[in-house]
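The values are calculated or read from the model by the stated rules, or taken from the named source; none is laboratory data. Keep in mind that this is a model prediction, so the values were computed, not measured. All Cβ positions, glycine included, derive from the backbone under ideal geometry; neighbour counts span all protein chains shown. Note: areas computed on protein heavy atoms with side chains; ligands, DNA, RNA excluded. Shrake-Rupley method; radii C 1.70, N 1.55, O 1.52, S 1.80 Å.
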Amino acid sequence: MELINSSWFQPPTLLLTGIPGLEAVQIWISIPLCVMYLTALLGNCIILFAIKTTSSLHEPQYIFLSMLAATDVGLSLSTLPTVLRVFLLNRREIEFHSCLTQMFFIHTFSSMESAILLAMAFDRFVAIRNPLHYTVVLTSPRILGVGIAAVVRGVVLMAPLPILLKRLSFCKDVVLSHCYCYHPDVMKLACGPVRVNIIYGLSLVLCSFGVDSVFIVISYILILKTVLSIASEDGRLKALNTCVSHIFTVCIFYVPLIVLALIHRFGMFTSPLLHVSMANLFLFLTPVLNPLVYSLKTKQIRSVLRKVFKGRGNLLK
């Protein structure tokens, strides 16, 4: 108690927050949340299974998709324990070091997802701009190297975040704005100087998400330029159709991320409900929608899924 009554301390626990003003119905909100988690985990695992067991899907495009699915599984598992505990059991406490660990994994998987989305944009660029050299450019060693680079970049860039937070002293307010631990949110509770944290956090955003998004935009500008040079309208539509799923995935990942970053920067001008809603959309929407979008849009994956479920149905008869 003496530690907590002090003006400066490192809290043993922090308090997570559900949805402001809807505390009385949180148990009902947990039902769609459980459905979303089940959809995200089951959908992404099915995609991983389909790609692994189908030799015709062992192509660069689908290998990158399997990386995206694996990242979405990791991102979902990173938030699942605290989110369901807050909404199902109304248990808001999280141990300080557990909070830092969760924060590290959330930011690492987010960085990895951004890098993989960039790799997928490059994949579409090569496939449309220079299809004859597609398999020559995107060889298995290079694809493996991209995956390793995404993991290493995420770990190296995000590892200092918990270290920088651990050195700070915190005020008596230990209530977070979300149902999971997020770096800007934890940092706001600190009483000491956070200039280093702010500068490093901004550098992370620019060096990972910022750089990735710029190169994704450049890739699609070059793709559009190539598509417009195709003589036939059917050819142009076919080329653009191969990019629709990826464009949708990029939008549902980056738009909530950008809005959330702006909210944390100018949070005083936004309502808590908007704050929480965008934070939840950022982490929940992408893992849920990615498998649905690619399953519905990609003919090869739909064909594999039909065979899988048809085979399971025959076994049950």
Next item on the list: Report, by chain and number, residues whose modeled amide H sits under 5 Å from the one on GLU93, excluding near sequence neighbours (fewer than 5 apart, same chain).
Entry: LEU16
Notebook entry, point to check: What accessible area, in Å² to the nearest ten, does a 1.4 Å probe give for VAL155?
Noted result: 60
Check: Where does the charge balance sit around THR71 when Lys and Arg score +1, Asp and Glu -1, over other residues with C-beta under 14 Å from its C-beta?
Finding: -2
Check: What does the accessible area of VAL250 come to, in Å² to the nearest 10, when a probe of 1.4 Å is used?
Finding: 20
Margin query: If R₀ is 25 angstrom, what is the calculated FRET efficiency for the pair ILE230 and LYS297, using the beta carbon separation as r and rounding to 0.05?
Written below: 0.75
Notebook entry, point to check: Can you list the cysteines of the chain that have no other Cys Cβ under 4.7 Å away?
Noted result: CYS34, CYS45, CYS179, CYS207, CYS243, CYS251
Next item on the list: Relative to the longest principal axis of the C-alpha atoms of the chain, give the angle of the C-alpha long axis of helix 60-89, reported between 0 and 90° and rounded to the nearest 10°.
Entry: 30
Next item on the list: Would you grab the residues whose amide H sits under 5 Å from the one on PHE170? Only those 5+ places off in sequence or on another chain, please, with H modelled 1.01 Å from N.
Entry: PHE9, GLN10, CYS191
Next item on the list: Please give the FRET efficiency for LEU84 paired with SER140, using the beta carbon to beta carbon distance and R0 = 41 Å, rounded to the nearest 0.05.
Entry: 0.60
Notebook entry, point to check: So if R0 is 41 Å, what FRET efficiency would SER55 and ILE31 give, r being the distance between their Cβ atoms, rounded to the nearest 0.05?
Noted result: 0.55
Margin query: Please list, in order along the range 138-148, the HN-Hα scalar couplings obtained from phi with the Karplus expression 6.51 cos²θ - 1.76 cosθ + 1.60 (θ = phi - 60°), rounded to whole Hz, x for Gly and Pro.
Written below: 9, 7, 4, x, 5, 5, 4, x, 5, x, 5
Check: Tally Lys/Arg at +1 and Asp/Glu at -1 over every other residue whose Cβ is under 13 Å from the Cβ of VAL196; what's the total?
Finding: +3
Checklist line | Per-residue SASA entry for THR82, accessible area with 1.4 Å probe, Å² rounded to 10 | finding: 10
Check: Taking Cα atoms, how many degrees apart are the long axis of helix 195-204 and the longest axis of the chain, rounded to 10 and kept between 0 and 90?
Finding: 10
Margin query: Under 20 Å from a point placed 7 Å out from the Cα of LEU305 along the Cα-to-Cβ direction: which residues of the range 75-103 have their backbone N that close?
Written below: 75-77
Next item on the list: Heavy atoms only, probe 1.4 angstrom, no DNA, RNA or ligands counted: give me THR226, THR101 ranked by accessible area, highest first.
Entry: THR101, THR226
Next item on the list: Among ALA149, ALA70, ALA115, determine the one that fluctuates most according to a GNM of the chain built with springs between C-alpha atoms less than 10 Å apart.
Entry: ALA149
Next item on the list: Quick one: net charge around SER98, please, counting Lys, Arg +1 and Asp, Glu -1 for every other residue with C-beta under 14 Å from its C-beta.
Entry: +2
